[in-house]
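Some notes on the structure that comes next.
Nothing in this text is a laboratory measurement; each read-out follows from the coordinates by a stated rule. From a predicted model like this one, the values you see are computed outputs, not experimental measurements. So basically every Cβ, Gly included, is an ideal-geometry build from the backbone, and we count neighbours across all protein chains shown.
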Amino acid sequence: MTNHWNDYQHSDVIMAIGGNTAENHPVSMKWIEKAREEKGAKLICVDPRYCRTAAVSDLHVPIRPGTNSAFLGYLLHYALENGKYHEEYVKYYTNATYLINEDYSFDDVEGVFSGIEEDPERNAHSYDQSSWQYQRDDNGNIRTDPDMENPNCVFQIMKEFYKKYNKQNISEVTGCPQDKLEEAAELFCSTGEASKAGNILYAMGITQFTHGAQNVRGIAVLQLLLGNMGIAGGGVNAQRGQSNVQGATDMAILYHIIPGYMGTPQEALHPTRQEYKDVETPESGWWTETPKYIDSLLKAFYGNNASMDEAYSYLPKLDGKDHSHIAMYKMMSEGKVKGMICWADNPAVSGPTAGDKRDYQKKLDWLVSVDVVENETAAFWKGPGMDPSEIDTEVFMLPAAAAYERDGTKANSGRWIQWQWKAQEAPGDAKSDLQIVYEMFKKLQEKYQSEGGTFPEPIAKMAWVEHYADDHDEDKVDLDKVCRMVNGRYYTANGPGEQVENFVGLEEDGSTACGNWLYCGYYNDPDNPACKNREREKEGIGAHPGWGFAWPLNRRIVYNRASADPDGNPWNPDAPVIWWDGEDWVGNDVPDIPGGWNFDKATDMPFIMLPEGRGRLFSFGVNDAPLPIHYEPAESPVQNVLYPQAKHNPVSQVFYPDQLGDAEEFPYIMTTYRVSEHYQSGALTRNMPWLNELMPELFIEMDEDLAEEKGISNGDTVAITSKRLKDNDKEIKAKACVTNRIKPYKVNGKTIHVVGLPFHWGFKGLATGDVANDLSPSIGDPNTTIPEFKAFLCDLRRVE
Amino acid sequence: MTKAMLIDTSKCMGCRGCQVACKQWNKLPAEDTTFSGSYENPPQYSANTWMRVVFNEYEDENGIQWRLAKEGCMHCNDAACMQVCPSGAIERTELGAVRIDQNKCIGCNYCVRMCPFNVMGFDREQSVARKCTFCYDRLVNGYEPACVTACTTDAIKYGERSDLLNLAYERMSELQENGNSKAQVYGDEEVGGAGVIYVLEDAPEKYHLPEDPRVPWHARVWNSLFRPLRVLVIIAIAFGLWSNFSRSKKIQEQKKKAQ
């Protein structure tokens, strides 16, 4: 999140879109209730179903699954056409005034931008983004039109682009009545006023689409237009789904980044350390510090065991291809993956086209599962339809301590890193993940050190035992040492030394080592680390700077320069974040302004992470569109109303062209989601009798008309299939939940029924059920490859 | 000065943290359930299910409605269960709880049948009635009931009844001002004043609560007529036993004399 949970209390209007807040983040509702009680705040719930959040909202806006992009486009249209945007903010803090290359254009029949090229290797297209760049003068400075009237300026390009996203068109696309759309737009866009704060909460219902990144861009652009970034009660607020998924992404569990959100080195772009720095370091903005962070990271990895250039050469390099979940499993199906370590993950239930993925795992020589229970991924070989005698995979299960059975930090959605003390010892042989990874790597390293290999150095030379071993027992990891290194330490010929206070202290010359520059400061005093602080503020805006450590630099609201006008006075004096007192920046939060920047520079560049320092309304930072655009999902029952010839996102890689079905065979839209009572793949919760009592079985929610048409009564067994299953003569079963909380949608005169399945069930545990994800498609967003779990097609029938 | 519980259904989102907390604190086993067409589970109260979150969906002039509320024993002031209990096992405590003393319960099942809210359960193995205890064991130790502590949005509160009633009416006014003319307080005067007060956003029947809960007339009859009569019955039985005993003694003596 750009803001944080407690900050919601300052919002005037909160829009939960593609995020069922009350269902999945129930505790956060107390902050929303506080805003309602104290400020008369309103909650808008945008969701295809009347879900638990809708039940407590002030306005429910039902939209067809896969049309968030159209709905957000309508809000942009509304704000632009009715002058609801925050003009001063837009002029001074965004790139609205910037001129775009005159070659930029948009084809509104095909729904594609200038620069589109075929990309046959990915079965898709990609963009040459040169026509999306800013116009620059001879000195290299960006050309602007401060009055925002030049047809090539971002503002005018946007106005033109969103003309199509009017009430009539968007009502057609979303199936939501025009008056409801307008009510929502009027309410949310009222926060464009300088002193008002609009908050957008979102989760997987926004991201899990082939145009997921466009959805998030829609939210970001709307918030920039309304001046809701950097202020208390505003922000683009992703509600993260696991207690430490924020920590996981910070520490770069995803293949395309290394700790602190730097890009993973690529063979073609950065074969050497110097080339990495040259390519990855921009001219301006805070990422100019990149060389210090990469060098400090290399020092944390290899210490004094290698020179900096050698250390860089040891890092694995990407080959430019997609290596995310879908791609990796595809390689597995081709026999190219010998083994897999599946760590606290259950893709056999939570991955797309899960049944196929369980099949692909048969090709593995070995599989290691680190988890608290034996989950479906580890037990794939004894799942439904499997014949163990034909499977040669050797499966190892390493019992892991549960989250409350070990000490360590967690980063919440608001970037607050909080130390958590363990509540009890782990049972039996279960060990903490840290101990398991430490031992595993140590044994691996010992083998490479003694037996050698083709290229042993990257593993053999890693400063592992030197940095992290317990002083009395080399086979035990010392958590404190790991924390110190993640924080960052000064480094000499004698090894790691004192803590670095914060990331401003990191250096490029090998004198500092740091496991994650963003975390620098969270453990700067090992005897009293910031992440263990538990001091509530006595007055302020609910930022509680004495509680835990928020990256970066304990800043609670990022981009907070934008919380004050160009003169340095807060837009909202009732909840001021920072302000200029004549000599310096003071206030309730750490100013998001690099030290040494004078007033003018700070005011010119409030979005410090970008080279131009302005919020990007028009952006070349995503690979599929410069402006948030509506594309239909890969499997959709209708044509794109806005762009008649457009297909789904042209840049999404089509891994399995034969696996996409059409509405002739699969007439209903299926969406998948969660319930409060179960968690993710159900590996833990379906082993809890009290939770199974509440939600014992997989159920499919459907509207009353569809149920009547199919002769289905509440509680009946229903069989469901999709292209992925039908081609293999398979289907899954669920109990019918006939409800008035879903209504059929009308698009282009056609009635379209939407059905939904929670994805928590699998074949292991006390309460079992079919795997909903056996139905979902293996296609995703072109920036992240997050699969399109939220809208695809299915067919269903009553089972006698 | 009596304590009570306030349930503000306008803040309830049906997360069921309360339902699980109740099971966990009281060490009640989970029931075997199936999906029967609603999120509600288990379908009924029982010896092992003392509270349930109700999910009622319907439509009215304002659109789709989904009423969510925690329900269970109302801890009535004028409690039907207390009135019909032949062994005096049920009493009202100063902490607000209407408690069943399991040691005194003879398992006659009258309370289960008389409850106007139908929230009591019967344990067939132990032959006793069971229901929400208001977490009496927590109350006497200075804690709030488990459901109150678990509630994430503070929809459930515990405190002085008069204070909670004030809060309830304040909230009702707020909801009415916000456009909901149907918002109402339930449990103020019903059943002689209930230990559990609700702020509802619609009529009680929309929450599957009885519109006009009363102690059944036959419970009152039993209480006023037959309960005192039971003393007579006991005397009668005692007299019968004594007279039987003394008569058999007489017969014994007569037999002896005859020999």
| Highest-first arrangement of B:123-129, A:36-42, A:201-207, where packing means the average Cβ count within 10 Å | A:201-207, A:36-42, B:123-129
| query | Just for the Cα atoms in region A:651-769, what are the lengths along the principal axes, largest first, rounded to whole Å? | reply | 45, 36, 28
| field | chain A, relative contact order in percent, only Cα pairs under 8 angstrom and at least six apart counted | value | 17 percent
| Per-residue [θ]222 nm for chain A (sum of -39500 (n - 2.57) over DSSP H runs n ≥ 4, rounded to 500) | -6500 deg cm²/dmol
| remark: Taking the convex hull of the alpha-carbon atoms of region B:1-229 and averaging its shadow over every direction gives an area in square nanometres of 13.0 nm²
| query | Two-decimal Rg/Rh of region B:126-259 from alpha-carbon positions, Kirkwood Rh? | reply | 1.33
| For peptides A:93-100, A:718-725, sequence by mean Cβ density within 10 Å, most packed first | A:93-100, A:718-725
| task | Would you please put A:606-616, B:73-83 in order of how densely packed they are, using the mean number of other Cβ atoms within 10 angstrom per residue and starting with the highest? | result | B:73-83, A:606-616
| query | Just for the Cα atoms in region A:444-516, what are the lengths along the principal axes, largest first, rounded to whole Å? | reply | 41, 29, 21
| request: Return the average number of partner chain Cβ atoms within 10 angstrom of each residue Cβ along peptide A:691-703. | output: 5
| task | State, to one decimal in nm², a quarter of the convex hull surface area for the C-alpha atoms of region A:327-429, i.e. the direction-averaged projected area. | result | 8.3 nm²
| query | If r is the Cβ-Cβ distance from A:Lys362 to A:Asp473 and R0 is 51 Å, what FRET efficiency results, to the nearest 0.05? | reply | 0.80
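Classify region A:92-216 as rounded, prolate or oblate from the Cα gyration tensor: take a ≥ b ≥ c as the square roots of its eigenvalues, call it rounded if a/c is under 1.5, otherwise prolate when a/b beats b/c and oblate if not.
Oblate, since a/c reaches 1.5 and b/c is not below a/b.
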| remark: For chain A, the Cα-Cα pair-distance distribution in 20 Å bins from 0, as whole percents, is 15, 49, 33, 3
| request: Calculate the translational D of region B:39-134 in whole µm² s⁻¹ from Stokes-Einstein, where the hydrodynamic radius comes from the Kirkwood formula applied to all Cα pairs, the temperature is 4 °C and the viscosity 1.567 mPa s. | output: 90 µm²/s
| remark: Shape descriptors of region B:102-196 over alpha-carbon atoms, Rg and Dmax in angstrom, are 17.0, 51
| task | Filter the cross-link list A:Lys321/A:Lys481; A:Lys338/A:Lys647; A:Lys382/B:Lys27; A:Lys34/A:Lys196 down to pairs whose alpha-carbon distance in this structure exceeds 27 Å. | result | A:Lys321/A:Lys481; A:Lys338/A:Lys647; A:Lys382/B:Lys27
| Backbone HN-Hα couplings from phi across region A:53-61 [Karplus 6.51/-1.76/1.60, Hz, Gly and Pro as x] | 5, 4, 4, 10, 8, 8, 8, 9, 10
| field | Leading residue at positive end of dipole, region B:133-207 (Cβ point charges), from B:Gly193, B:Met172, B:Ile156 | value | B:Ile156
| note | Here the gain from full extension of A:Val654 to A:Leu444, 0.36 nm per residue of separation minus their alpha-carbon distance, amounts to 71.9 nm
| remark: Contact order relative to length for region A:239-285, counting C-alpha pairs under 8 Å separated by 6 or more residues, stands in percent at 17 percent
| J(HN,Hα) series, region A:312-324, from Karplus relation 6.51 cos²θ - 1.76 cosθ + 1.60, nearest Hz, glycine and proline x | 4, 5, 7, 6, x, 10, 6, 9, x, 9, 6, 10, 7
| request: From the C-alpha gyration tensor of region A:107-168, pull out the three semi-axes of the equivalent ellipsoid (sqrt of 5λ each), sorted largest to smallest, in whole Å. | output: 26, 21, 6
| Considering only DSSP beta bridges whose two residues both sit in the protein assembly as shown, what percent are antiparallel, to the nearest 5? | 60 percent
| request: Work out from phi, with θ = phi - 60° and the Karplus expression 6.51 cos²θ - 1.76 cosθ + 1.60, the ³J(HN,Hα) of each residue of region A:262-269, listed in order in whole Hz, and give x for Gly and Pro. | output: 7, x, 5, x, 10, 4, 6, 8
| Exercise: per-residue mean of other protein chain Cβ atoms within 10 Å, B:35-46 | 5
| remark: For A:Gly615, the residues 5 or more places away or on another chain with a placed amide H closer than 5 Å to its own amide H are A:Thr94, A:Asn95, A:Phe607
| note | Rounded to the nearest 5, the percent of antiparallel DSSP beta bridges in region B:1-229 equals 85 percent
| Cut-off under 5 Å, modelled amide H: who pairs with B:Lys70 long-range | B:Val54
| query | For A:20-33, what's the mean count of beta carbons from other chains sitting within 10 Å of each residue's beta carbon? | reply | 4
| said: Please report the antiparallel percentage of the DSSP beta bridges confined to region A:1-151, to the nearest 5. | reply: 55 percent
